[in-house]
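We did not get these values from a lab; they are worked out from the coordinates using the rules stated. These numbers were taken from a predicted model, which means no experiment stands behind them. Positions of Cβ are backbone-derived with ideal geometry, glycine not excepted, and every protein chain shown enters the neighbour counts.
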Amino acid sequence: MLRLEKISKSFEQRGTVLDKLDLTIEEGDSIAVTGPSGSGKTTLMNIIGLLDRPDSGNLIFQGESILDLNPGESARHRNKNIGFIFQDHLLLPHLTVKENIMLPLFATSVSAEEYDSKTGYAENLMERVGIKSIADKYPFRISGGEAQRATLVRALINKPLLLLADEPTGSLDAKNADLLGNLLVEMNLEYKITLIAATHSFDLAAKLKQHMKLENGKLVK
Ligand SMILES: Nc1ncnc2c1ncn2[C@@H]1O[C@H](COP(=O)(O)OP(=O)(O)OP(=O)(O)O)[C@@H](O)[C@H]1O
Ligand SMILES: [Mg+2]
């Protein structure tokens, strides 16, 4: 479903970060990317999510080259196909948990019917990840583990094909990290959402089907 061909990226102060990196990902796969701090994991995730551009190389999503999309098309591709989870939950403080979760729907125009069906979907997912009781709370009233589970539901609300998780358990204690890791795996298996997680956690990496290391700008087994 996703192919990276000879992706290179360098930054002026740092030099080459990604060096003709190749990666092929099948639909429904789950891949952990590990590597030391500064090895380029976030850079790679941002390129896959079209949040950043490589200097050269090709990015093929479901058979289509997506690097030459215009900004509007890129945004549509992201909103429709990709869910993001970052280390810090990035929930908006002035919206409740449930409002935060429903937010991605407003990036596209949704019919009342679609909104209702997504509301039901959100409620099921919230129940599933154990945050239904906090749906009407504001983010500052909930724990980090709950916030990260809310972020997971928000990332899934548009039923993306690909879930990109950059250090999703990095700010969680061991128990919550384990819980979130298990939920990521369950979502990958049940909904066939392809999962790429960049992480320092070998516990999380061990839960996924593949484990790749980012070394000298390339991914190695
Ligand atoms: N926008 C930028 N401008 C300049 N340098 C950057 C930029 N983004 C990343 N870098 C540099 O590229 C290198 C790779 O950074 P990146 O954030 O991808 O690493 P990482 O593997 O995600 O690290 P960590 O494990 O700490 O999250 C680092 O040396 C970083 O300083
Ligand atoms: Mg990073």
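How long are the semi-axes of the equivalent ellipsoid of the chain, taking √(5λ) for every eigenvalue λ of the Cα gyration tensor, in whole Å from largest down?
Ellipsoid semi-axes (Å, largest first): 29, 20, 16.
Give me the percent of DSSP beta bridges within the chain that run antiparallel, rounded to the nearest 5. Write down the numbers at each step before the final one.
Values: 17 of 34 bridges.
If I count the DSSP bridges inside the chain, around 50 percent turn out antiparallel.
When the helix-only estimate is applied to the chain (DSSP H runs of n ≥ 4, each -39,500 (n - 2.57), divided by the residue count), what is the mean residue ellipticity at 222 nm, nearest 500 deg cm²/dmol?
It comes out at -11000 deg cm²/dmol, rounded to the nearest 500.
Hey, in the GNM for the chain with a 10 angstrom Cα cutoff, which one of 21, 162, 69 fluctuates hardest?
Per the Cα network of the chain with a 10 Å cutoff, 69 tops the list.
Order 42-55, 133-146, 88-101 from most to least packed using the mean count of other Cβ atoms within 10 Å.
In decreasing order of mean packing, 42-55, 133-146, 88-101 become 42-55, 88-101, 133-146.
Taking 22 Å as R0, compute the FRET efficiency from the Cβ-Cβ separation of residue 136 and residue 116 and round it to 0.05. Walk me through the numbers before you get to the answer.
Numbers: r = 18 Å, r/R0 = 0.83.
Between residue 136 and residue 116 the formula returns 0.75.
Sorted by packing (mean other beta-carbon atoms within 10 Å per residue), highest first, where do 114-122, 74-82 land?
Ranked by mean Cβ neighbours within 10 Å, highest first: 74-82, 114-122.
Modelling each spin label as a point 7 Å along the Cα-to-Cβ direction, I'd like the residue 11/residue 220 distance in nm, to one decimal.
Spacing of the two 7 Å Cα→Cβ label points: 2.3 nm.
Counting Lys and Arg as +1 and Asp and Glu as -1, what is the net charge of the other residues whose Cβ lies under 14 Å from the Cβ of residue 175?
Local charge sum for residue 175: -3.
Where nothing but the Cβ of Lys and Arg (+1) and of Asp and Glu (-1) is charged, how large is the charge dipole of the chain around its Cα centre, in debye to the nearest 20?
Computed about the Cα centre, the dipole is about 220 debye.
Which net charge results when you count Lys and Arg as +1 and Asp and Glu as -1 among the other residues whose beta-carbon is under 10 Å from that of residue 16?
+1
Within 13 Å, Cβ to Cβ, of residue 186, how many net charges do the neighbouring residues add up to if Lys/Arg are +1 and Asp/Glu are -1?
+2
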